[in-house]
Every structure is written in structure tokens, then in C-alpha cells.
Amino acid sequence: MAKYFGTDGFRGEANKDLTAKHAFDIGRFLGWYYGAQRGKRAKIVIGKDTRLSSYMYECALTAGLTASGADAYLMHVTTTPSVSHIARTDGFDCGIMISASHNPYTDNGIKLINCQGEKMDDATIDEVEKYLEGIIPEPPYAVGEEIGRAIDYAEGRNRYIAYLISIGTHSFKGMKVALDCANGSTWQIAGSVFNALGAQTYIINNRPDGTNINTKCGSTHIEGLIEYVKQNNCDVGFAFDGDADRCLACDEEGNIVDGDKIMYICAKYMQEKGEMGQTKVVTTVMSNIGLYKALDKLNIGYEKTAVGDKYVYENMRENGHNIGGEQSGHIIFGKYANTGDGLLTALKVMQVMMDTKSSLSSLASPVTIYPQVLKNCVVTDKATAQKDPLVAKRIEQVEKSLAGEGRVLVRPSGTEPVLRIMAEAPTDEECEKAVDEVIAALEESGKLVEVRK
């Protein structure tokens with residue numbers, strides 16, 4: 001049905017698009033659904049980020065779950081990857097994370113995670129949506145001793161921290177590491193992990209007040225971390241988003257090391273250690289052509305999926321690949337996790353730095369990031385506009401003129417009558433020209449309504 005849930009959960013403005021009643025109903029359904037399936041009391045773990053509304057949704061979900069006879073285990077403020085890890089390792093029927101990731105505090109979301117620590121399957125999501133739409137009858141309320149319990153489960157968060165520490169293969173002693181916690185889920189976790197591994201940590205944006213999550217900080221506003229790294233002569237900096245499923249880095253010189261460069265650094269290291277085998281790096285279509293050129297030089301193969309870490313993970317699982325991710329910093333290490341994990345990503349980058357005794361700038365230097373230009377075009381119909389012969393011919397001509405030193409990508413919006421026209425080329429001017437030529441073809445074909453600014 002996909003009326004409420006997108007590729008990253010049910011998300012929207014708190015108490016407008018996503019209400020406390022929605023949360024209660026989701027809890028009501030899941031508590032009954034898993035209890036009925038298993039023939040016993042359901043066991044569901046909940047985590048939340050630091051948004052003001054997250055506490056409201058935690059209470060509403062807990063009320064719904066317990067009213068249906070399920071036990072709700074509360075990890076409190078924690079990361080999305082920690083809920084994924086604990087759902088998988090501690091025998092839960094499913095996990096729920098309350099977060100709108102990198103969005104402003106006024107938004108929130110509910111992410112559903114299956115017992116394997118993966119994003120919930122579409123079939124179960126469809127059942128939840130049917131219940132929200134009133135298609136599925138109201139389940140019975142639990143009564144008497146069948147009413148569920150709310151259980152403090154901070155120990156789950158602590159076990160996740162211990163798991164991350166156990167992954168560390170080197171002491172970070174002598175390394176000055178800056179951590180931007182985005183006033184979000186990592187504010188109590190990131191420092192614990194890096195301190196335990198011996199780093200000299202410099203932590204910023206770890207004073208959440210319910211309204212400052214992602215505000216001019218974290219992976220969506222990495223400029224603050226860059227300045228901090230340079231001012232304090234740090235060896236490396238890591239920036240997380242609100243729920244810590246993504247990570248971006250900056251090197252000792254203050255240069256951004258995005259998800260593409262992180263994938264290159266880690267894949268190269270894995271290849272040198274014999275851990276890649278015949279597997280490939282899984283990217284989305286938005287990864288930079290510079291990444292592909294750098295991987296080609298190493299003879300490391302790659303796959304391209306639709307945008308969304310969900311699709312990256314599905315490809316990795318189906319084909320047995322070990323690493324994949326997005327430019328934005330969602331990196332999945334298949335050996336260790338079934339979802340993107342910002343803290344795990346930071347630890348793996350540190351492992352490469354320590355093992356090779358190399359600076360982050362030198363590790364990232366083989367990847368030349370090509371300029372990108374993206375313009376959004378409102379069209380009469382996405383499908384017919386994208387398949388229009390004139391438009392297709394123009395794209396072919398533009399890419400031929402770039403002679404392997406660039407590309408054009410036309411991608412439909414999932415929610416609007418919009419085509420996103422993106423070009424990569426050696427210069428910004430060439431990118432602009434390439435995009436404008438495709439837009440001109442849309443106009444000539446009569447499919448263009450307007451170019452959004």
C-alpha cells in the first residue's frame with residue numbers, strides 16, 4: 001500500500017503527519033501480530049533519538065504493545081544500528097526505532113526492524129498499513145495477566161557498546177579524534193567507544209535539548225566539524241546524523257571524506273587483506289564517477305542500485321557482497337551488521353588508518369570526486385518524459401560528448417511529478433551544459449512544465 005511507510009519508515013512532522021495515535025496503533029497491531037504468529041507473548045525492543053517528540057512516541061508505542069499483550073523492552077536514547085543489533089542477537093520478534101534520522105527536530109519517524117536486524121519486509125509493512133487504514137479488524141485487548149509489561153533494557157545499549165569495542169583491532173592511543181554527535185543518539189555512546197579504545201577524544205554537539213538535533217551540526221552540516229578539526233589539530237573527525245546510521249569523515253587537513261571515499265578506503269584495505277574475494281562494492285546510482293574510476297584501477301567490481309540503503313543491503317544479501325553504501329555515509333559492512341552503522345564505519349576507517357599507519361588524506365587521495373550538478377524538473381508525466389525518444393537521444397549524445405569522463409543520470413522522484421537531472425563531468429561548466437541540454441530536450445518534446453529553483 002505504501003501510504004504511510006517509505007523506504008526508511010513512517011516519517012513526517014510530529015503530530016501532524018505522524019501522530020501519537022499512529023504510534024499507539026502501530027504498537028497495538030505489532031503486539032497482536034507477533035503474538036498471534038508465535039502463539040506466545042511477543043517481545044519487542046524500542047529505541048529512540050533525542051527529539052522532543054520521541055518520548056511521546058515511546059510512550060504511545062509502549063501503550064499499544066502492552067495493550068495487545070506484548071512486552072516492550074526500552075533501550076531509551078540509542079542508535080538505530082544498536083536496535084538492529086539487539087533485535088538480531090537478543091531474540092526479539094522485532095525492533096522499533098523512533099527517529100527521523102537527519103531531519104529537523106520537528107519531524108519524527110518510526111522505523112520497523114525485523115528479528116534479523118534488517119528493515120522490515122514489505123509484506124509485514126503492508127499488514128501494518130492495512131490496519132492503519134481500518135482494513136484489518138481491531139485485535140482484541142489483552143486482559144488480566146495477559147497484559148504486557150514495559151521493561152527497562154538499557155543493558156541492550158551497553159551490550160552494543162561492548163560489541164563495538166570488541167571490533168576494534170588496534171588501540172587508538174595517541175590519536176586525536178573529533179566526534180560530532182549531532183546532539184543525537186550518539187551523545188552518550190560515541191565517546192564511550194572511542195575512549196575505551198584509547199583515543200584522545202574531542203566531542204562536540206553532545207548536549208541535546210530535544211530541539212537541537214541536527215541543527216547546524218552532524219553529517220548534514222559537517223562544516224563545524226571541519227573547523228574544529230583544524231583548530232584542534234586533530235588526526236581525524238567523524239560526523240554522525242541524528243540516529244547514527246550514517247557517518248561522514250574529515251581528514252587532518254579538513255577535507256571531507258564522504259561515503260564514496262570511505263567505501264574506497266575500506267574496500268581497498270579488504271582487498272589487500274584478502275577479504276574481498278570475488279565480491280563487489282555495492283553503490284547506488286548516485287555514487288560519484290570518481291569512485292568507479294578508482295575502483296577500476298584496483299580491479300574491484302561494483303554494483304549500482306536504486307537510491308536508498310535498503311536497496312544496497314538487499315543487493316548485498318542476495319549476492320553475498322561484503323561492503324556497500326551511499327555517498328551520504330550509510331555504509332554497510334555485511335560481516336558485522338545488517339544495516340548502516342555510523343559508529344562501526346568510523347571504527348573501520350580508524351582500523352585502516354592504524355593498520356597502514358597512514359593519514360586519512362593519503363588514504364582518500366586516489367579518489368577524485370567529479371563535480372555534480374542536479375536540477376529538478378516538473379514534467380507532465382514522469383514515465384513518458386523519461387522514455388521520450390528525443391530525451392533519450394539527447395542523453396546519449398551528451399554522454400558520447402563526455403567521452404567516458406562524465407555521465408548523465410535521469411531519476412524520477414518517488415512522490416512528485418519531477419525528474420531529477422544530474423550530470424557529472426570534470427568541470428562545473430561541463431556539468432551545467434550537460435544538464436541544460438537534457439532539459440532543453442524535455443522542453444522541445446513538450447514534457448517540461450518548469451525547472452525548480
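The values are calculated or read from the model by the stated rules, or taken from the named source; none is laboratory data. The model shown is predicted, which means the values in this text are computed figures rather than measured ones. Heads up, the Cβs are rebuilt from the backbone with ideal geometry, glycines too, and the neighbour counts pull from every protein chain shown.
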Select from the range 113-159 the residues that are more than 24 Å from the chain's Cα centre (by Cα) and in a strand (DSSP E or B) and write down the one among them that is nearest to ALA70 (Cα to Cα). ALA150
What number of residues in the range 355-394 are touching a strand residue (DSSP E or B) at 6+ places or on another chain (Cβ under 7 Å), β-branched (Val, Ile, Thr) and over 30 Å from ILE262 (Cβ atoms)? 3
Test each condition in (1) hydroxyl-bearing (Ser, Thr, Tyr); (2) exposed (fewer than 13 other Cβ atoms within 10 Å of the Cβ); (3) within 18 Å of GLY340 (Cβ to Cβ) for THR89 and report the one that comes out false. (2)
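Here is a yes/no grid of residues against (1) small (Gly, Ala, Ser); (2) modelled with pLDDT of 95 or more:
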site	(1), (2)
GLY109	yes, yes
CYS115	no, yes
GLU118	no, yes
VAL128	no, yes
PRO137	no, no
ALA142	yes, yes
ILE147	no, yes
ALA150	yes, yes
TYR153	no, yes
Please go through the range 353-376 and give me each residue that is crowded, with 20+ Cβ neighbours inside 10 Å and either free of Cβ contacts under 8 Å to residues at least 60 places away in the same chain or within 20 Å of HIS170 (Cα to Cα) (or both), ordered by number. MET353, LEU360, LEU363
Options CYS247, CYS217, CYS181: the member that is surrounded by 24 or more Cβ atoms within 10 Å (Cβ to Cβ) and either in contact (Cβ under 8 Å) with a residue 60 or more places away in the chain or outside the structural domain of GLY340 (by TED's automatic domain parsing) (or both): CYS247
Based on this model, can you work out whether VAL418 counts as closer than 26 Å to SER328 by Cβ, at pLDDT 95 or above and either in contact with a Lys or Arg (Cβ under 6 Å, 6 or more places away or on another chain) or outside the structural domain of GLU252 (by TED's automatic domain parsing) (or both)? no
Considering only strands (runs of 3 or more DSSP E) fully contained in the range 280-373, which possess at least 1 residues that are modelled with pLDDT of 95 or more and within 30 Å of ALA199 (Cα to Cα)? 281-284, 323-325, 331-333
Just wondering, is there one or more residues in the range 92-112 that are within 17 Å of ARG38 (Cα to Cα) and without any contact (Cβ under 8 Å) to a residue 40 or more places away in the chain? no
Within the group ASP341, ASP388, which residue is among the charged types (D, E, K, R) and either free of Cβ contacts under 8 Å to residues at least 40 places away in the same chain or in the same structural domain as VAL435 (by TED's automatic domain parsing) (or both)? ASP388
For the range 88-99, check the following and say yes or no: at least one residue is at pLDDT 95 or above, under 21 Å from the mean Cα position of the chain (by Cα) and of a type in the set (Lys, Arg). yes
Candidates THR220, THR186, filtered to the one that is under 20 Å from ARG157 (Cβ atoms) and of a type in the set (Ser, Thr, Tyr): THR186
Name every residue in the range 381-410 that is crowded, with 17+ Cβ neighbours inside 10 Å, among the basic types (Lys, Arg) and more than 17 Å from TYR370 (Cβ to Cβ), in order of residue number. LYS382, ARG394
Does ALA36 count as over 30 Å from ILE165 (Cα atoms) and in contact with a Phe, Trp or Tyr (Cβ under 7 Å, 6 or more places away or on another chain)? no
